[in-house]
1. Taking only segment 134-164 into account, find how many residues are more than 16 Å from residue 41 (Cα to Cα) and assigned to a loop (DSSP other than H, G, I, E, B).
2. In this structure, does residue 121 turn out to be free of Cβ contacts under 8 Å to residues at least 40 places away in the same chain and buried (at least 16 other Cβ atoms within 10 Å of the Cβ)?
3. Need the failing condition index for residue 126 against (1) surrounded by fewer than 21 Cβ atoms within 10 Å (Cβ to Cβ); (2) more than 14 Å from residue 32 (Cβ to Cβ); (3) at pLDDT 95 or above, just the number.
4. Take the residues of segment 129-154 that are under 12 Å from the mean Cα position of the chain (by Cα) and surrounded by fewer than 17 Cβ atoms within 10 Å (Cβ to Cβ): which is nearest to residue 33 (Cα to Cα)?
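The values are calculated or read from the model by the stated rules, or taken from the named source; none is laboratory data. The shown structure was predicted, so the numbers you read here are calculated from the model rather than taken from an experiment. Here Cβ is always computed from backbone atoms with ideal geometry, including for glycine, and neighbour counts include all displayed protein chains.
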């Protein structure tokens, strides 16, 4: 009797195999929530990527700051690493998912605006916390508290190299 592996590798069984790769590259938007995270993204962005776009800032049109009422995302802009302003909602819509990166202890409150753009478009928001200069457990807990209500996956990374490893695993 042939084993399952032997039967699966038989020539007459090969016609049932999928002949193409099992997944296409994903369109991933990576957004830094603070200056230290932006510096880390700048280093990672220099590597070759298939579908990753990196953003170093989030800004608001006049009257569009968080807490100014409904529709904050309609007046929010992302700054890419080249300094161009891109509309937040448009970038979220063109993505498969969003990754926000913050440094332990930094103010990551802008994640709420990004989550507001992701929700109606059913886009997953992933959060990544990098170690900060002299950050302790309390600083990490502060950053996690910002991200936890919004992120479907939350990671505390050991160093900035984790960003590249995560993007590679996600086929970005």
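1. Final tally of qualifying residues: 8.
2. In short, no.
3. (2)
4. Checked segment 129-154; the qualifying residue nearest to residue 33 (Cα to Cα) is 154.
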